[in-house]
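Down below is the structure, laid out as structure tokens.
The values are calculated or read from the model by the stated rules, or taken from the named source; none is laboratory data. Not measured: the values here are computed from a predicted model. Don't worry about glycine lacking a Cβ; one is built from the backbone with ideal geometry, like all the others, and counts go over all protein chains shown.
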Amino acid sequence: MNTFEKDLLDQAASYTHHLPEKKRGIVSWESPSNIAIVKYWGKYPGQIPASGSMSITLSKAVGRTSIAYHFAGSKKDGGLNFIFEGKQVPAFTKRIKKYLDAISHFLPWLTQSELTIRSENTFPHSSGIASSASAMSAIALGLCEIETQLYNKELTEYFFKKASFLARLGSGSASRSVYGKMAVWGSTTGFKNSCDEYAIPLDDIHENLLGIRDSILIIESGKKQVSSSLGHDLMKTNPYARMRFDVAEDNMQKLASIIRNGETARFMDIVENEALSLHAMMMTSNPGFILMKPNTIEAIHRIRDFRKDTGVQIGFTLDAGANVHVLYPEDQAMKTTAFIDTALKPLCENGAIIHDRMGGGPSKTDLLKD
Ligand code: PMV
């Protein structure tokens, strides 16, 4: 068994002799989405990533979650009321119920509690921004805060580690959203404290990369063609998977020094290589998927031409879909946004672009009301 998991189970066992000091309350967290620059794609049982991954935490694309709890002191099956953007969505409720059941051995008080969870996003569900990362990290943070209230504990470094661990069990990439700026998840030699159980924050980021912008080109809105669970599953039989995991490890090692030294051009090279590798994996899986659209490819060409012609250190990354994340340093924002408006906006569905940037991470927030 992994070390941190064992700690958490020991902690859970100690709660059986220790009744909560507080029985009712409400907590509320705002947590951002993140965009991976080294992609997590492929996993082992227990939500263990097949390679290390790294992401930029976003600022504006956030999810908000309030959790009202009542510790009833006796077994409460089905004690969950989940409201997403003011409505009951049975498919989401089912997923959250399954998640809470799966983590209840780490939070034994859950089985004796009634919860009302209200959740909403600041960005459209159909924008292709990872809503599971913001939603699951906000829920995990909320659950960890409930525990601090029940057992009179502080929000320490351990608190965030545990939140990242629990968020990971809901959605792998959510483990990284618990931290601001940039985060690494998955054991990799480039980052000595990295591990598979939870993400770690990156603190030694060169000023060239701090505040990096991410303008998200909505080439196509709507539901994802390939769910991440299917994508991770396809890696089990993809003939190039082993090689892909080695490339991710190599990219993580290179980025360890690039991020400290602020070599933006090399940074963009690796980020683009990662995005194209992710799509190469999808194309070479069985069945194979082509998730880029003609406008995705056109945008990539225009970004690369602009970089070549102007020397602006712009680059792109892609998630598992057609939308393009345009990355560029904060000090080159003026010139770049003008280019985005004239050359890239026409490629977007209804001209839709979400201008975001590296953000400071989750925070407690006001309560959500119906
Ligand atoms: O966390 P999941 O299971 O939704 O997988 C995320 C997969 C990617 O977004 C494509 C890459 C990543 O590392 O975020």
If I filter the stretch 3-52 down to residues being under 23 Å from the mean Cα position of the chain (by Cα) and of a type in the set (Phe, Trp, Tyr), which single residue comes out as farthest from residue 236 (Cα to Cα)?
29
Pick from 50, 68, 72: which is modelled with pLDDT of 95 or more, away from the ligand (no atom under 13 Å from the Cβ) and more than 14 Å from residue 133 (Cα to Cα)?
68
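Listed here are the residues, each with its yes/no results for (1) closer than 21 Å to residue 357 by Cα; (2) within 16 Å of the ligand (Cβ to nearest atom).
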position: 142; (1), (2): no, no
position: 145; (1), (2): no, no
position: 149; (1), (2): no, no
position: 152; (1), (2): no, no
position: 159; (1), (2): no, no
position: 162; (1), (2): no, no
position: 171; (1), (2): no, yes
position: 175; (1), (2): yes, yes
position: 179; (1), (2): yes, yes
Kindly indicate whether any position in the stretch 29-50 is touching a His at 6+ places or on another chain (Cβ under 9 Å), among the charged types (D, E, K, R), in contact (Cβ under 8 Å) with a residue 24 or more places away in the chain and outside any loop (DSSP other than H, G, I, E, B).
yes
Number of the exception - residue 93 against (1) part of a loop (DSSP other than H, G, I, E, B); (2) more than 16 Å from the ligand (Cβ to nearest atom); (3) at pLDDT below 95:
(1)
Can you confirm whether the stretch 121-138 contains a residue that is in contact with an Asp or Glu (Cβ under 9 Å, 6 or more places away or on another chain), more than 16 Å from the ligand (Cβ to nearest atom), in a loop (DSSP other than H, G, I, E, B) and closer than 28 Å to residue 358 by Cα?
yes
If residue 210 passes every condition in (1) closer than 30 Å to residue 334 by Cβ; (2) part of a loop (DSSP other than H, G, I, E, B); (3) within 16 Å of the ligand (Cβ to nearest atom) but one, which one does it miss?
(3)
Scan of the stretch 253-297 for residues that are closer than 24 Å to residue 312 by Cα, among the aliphatic types (A, V, I, L, M) and either under 23 Å from the mean Cα position of the chain (by Cα) or buried (at least 19 other Cβ atoms within 10 Å of the Cβ) (or both), ordered by number:
255, 256, 258, 259, 268, 270, 271, 275, 276
Residue satisfying all of: in the stretch 38-62; out of contact with any helix residue (DSSP H, G or I) (no Cβ under 7 Å at 6 or more places or on another chain) and β-branched (Val, Ile, Thr); nearest to residue 180 (Cα to Cα) among these
56
Residue among 294, 362, 329, 346 that is under 30 Å from residue 116 (Cα atoms), of a type outside the set (Phe, Trp, Tyr) and modelled with pLDDT of 95 or more:
362
Tell me which residues, restricted to the stretch 1-47, are within 16 Å of the ligand (Cβ to nearest atom) and exposed (fewer than 14 other Cβ atoms within 10 Å of the Cβ).
44, 45, 46
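Provide a single number: the residues in the stretch 298-332 that are aliphatic (A, V, I, L, M), away from the ligand (no atom under 16 Å from the Cβ) and under 26 Å from the mean Cα position of the chain (by Cα).
Qualifying residue count, the stretch 298-332: 5.
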Would you say residue 230 is of a type in the set (A, V, I, L, M), within 16 Å of the ligand (Cβ to nearest atom) and over 30 Å from residue 348 (Cα atoms)?
no
Please tell me if residue 106 is in a loop (DSSP other than H, G, I, E, B) and among the aromatic types (Phe, Trp, Tyr).
yes
Which residue, of 249, 197, is out of contact with any Gly (no Cβ under 7 Å at 6 or more places or on another chain), more than 30 Å from residue 348 (Cα to Cα) and either without any contact (Cβ under 8 Å) to a residue 24 or more places away in the chain or within 16 Å of the ligand (Cβ to nearest atom) (or both)?
197
